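To start, the structure itself, in structure tokens.
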Amino acid sequence: MAITFLTDGPDAATPTILLAHGAGAPMDSASMSANARALADAGLRIVRFEFDYMAARRTSGVRKPPPRADTLMGEYRAAIDALSAPGRLVIGGKSMGGRVASMIADELHASGRIVGLLCLGYPFHPVGKPDQLRTAHLADMKTPTLIVQGTRDPFGARDEVATYTLSPGIEVLWVEDGDHDLRSRASVTGRSAADQLRMLGDEVASWAARIAG
């Protein structure tokens, strides 16, 4: 299936950040679109794509369960090849998309194809199953990594993540009161959704500039 990309932000920006979607929502979901715009407004070039199973939903209308994350690594590599991004590249994604990217990041970083990994709401464990951790490969991750995580994310809240063994190369940016879509309540934080997105964009842009040299 041909890969379709959605691009936000200036074409000349470095690095380019390639993002895959989560397990149940497409690349143009409200959450992904809001985060992509926030990152683009901070001066980053953001490119989104869909795995084949999600793209097929657009034509078939049939919602099949997502494949296992490890079966999607080849599709992510194919998206990188098809993008042929000039300059430096960061890979990542929302939830499952970020998890898939994390599985291939070290091989690509070692070969010089990427400079970093960005995960928006990493699924540290299935909801309600905190003992089924998806963190083994994160303990010795060599790729410079930023995980943006809501403090009340049911896939890994702040108090849970504090107990995990993560590589020193992994930074966690906590979104106060954020859920799995990184949305927080103004009644709790005192900040509007627009202010929260602006802060997110600025923090990620600062990290991206640092790792891109």
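Annotations
- GNM remark for the chain: springs join alpha carbons under 10 Å apart, and the peak mean-square fluctuation among Ala30, Ala105, Ala38 falls on Ala30.
- Computed helical MRE - 222 nm, the chain, DSSP H runs ≥ 4 contributing -39500 (n - 2.57), nearest 500: -10500 deg cm²/dmol
- In this simple spin-label approximation, Asp41 and Ala110 carry label points 7 Å from Cα along the Cα→Cβ vector, and these lie 4.0 nm apart.
- Cα extents of region 76-131 along the three principal axes, largest first (Å): 41, 19, 16
- Hydrodynamic radius (Kirkwood) for the chain, which is based on Cα pairs only, to one decimal in Å: 17.1 Å
- The chain: relative contact order in percent, alpha carbon pairs under 8 Å with at least 6 residues between: 20 percent
- Sites Arg210 and Arg58 - FRET efficiency at Förster radius 41 Å, r taken between beta-carbons, to 0.05: 0.65
- At least 30 Å along the helix axis (C-alpha) and Kyte average at least 1.0, DSSP helices within the chain: none
- Neighbour-count ranking [beta-carbon atoms within 10 angstrom, fewest first] of Lys94, Lys129, Lys142: Lys129, Lys142, Lys94
- Dipole axis of the chain (+1 Lys, Arg; -1 Asp, Glu on Cβ), positive-most option in Thr151, Val47, Ala162: Val47
Values in this text are rule-based calculations from the coordinates and carry no lab data. The model shown is predicted, which means the values in this text are computed figures rather than measured ones. Note that we place each Cβ from the backbone using ideal geometry, even for glycine, and neighbour counts take in every protein chain shown.
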